[in-house]
1. If one takes the longest principal axis of the Cα atoms in the chain, at what angle in degrees, from 0 to 90 and to the nearest 10, does the Cα axis of helix 30-41 lie?
2. Hey, fewest Cβ within 10 Å first, where do Arg8, Arg29 land in order?
3. Report the gain in length on full extension from Asp3 to Ile27: 0.36 nm times residue separation, minus Cα-Cα distance, nm rounded to one decimal.
4. Would you please state the base-10 log of I(q)/I(0) at q = 0.15, 0.22, 0.24, 0.28 1/Å for the chain, with intensities from the Debye formula using one equal scatterer on every alpha carbon?
5. Select from the range 14-48 those GluC sites (Glu not before Pro) which occupy a DSSP coil region and have at most 11 other Cβ atoms within 10 Å, ordered by residue number.
Amino acid sequence: MLDAPIYRVAGIDLTTPFNGTLEAASIPRVEDIVLAARQIMTPPGESA
């Protein structure tokens with residue numbers, strides 16, 4: 001049994017752009033992954 005809901009961190013649901021800037025914007029950044037991990041580890045009622 002899970003102690004918390006599943007949290008998905010993924011790229012934007014689209015075809016990968018050829019433009020490097022747009023490609024970088026379409027995939028998760030390290031900051032996005034760290035924020036998701038902190039939100040998962042933070043008890044309900046507290047802020048991350």
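1. Computed tilt is about 20 degrees.
2. Working: Arg8 6, Arg29 11.
Arranged by neighbour count, lowest to highest, Arg8, Arg29 become Arg8, Arg29.
3. Numbers: separation 24, 0.36 × 24 = 8.64 nm, distance 2.75 nm.
Gain on extension, Asp3 to Ile27, equals 5.9 nm.
4. After summing over all Cα pairs, the log10 values are -0.52, -0.81, -0.89, -1.04.
5. Working: sites: Glu23, Glu31, Glu46; in loops: Glu46.
Here the sparse-neighbourhood loop sites are Glu46.
Throughout, read-outs are computed from the coordinates displayed, never taken from laboratory work. Because the structure is predicted, anything quoted here is derived from the model rather than measured. Methodologically, a virtual Cβ is constructed for each residue, glycine included, from the backbone with ideal geometry; neighbour enumeration extends over all protein chains shown.
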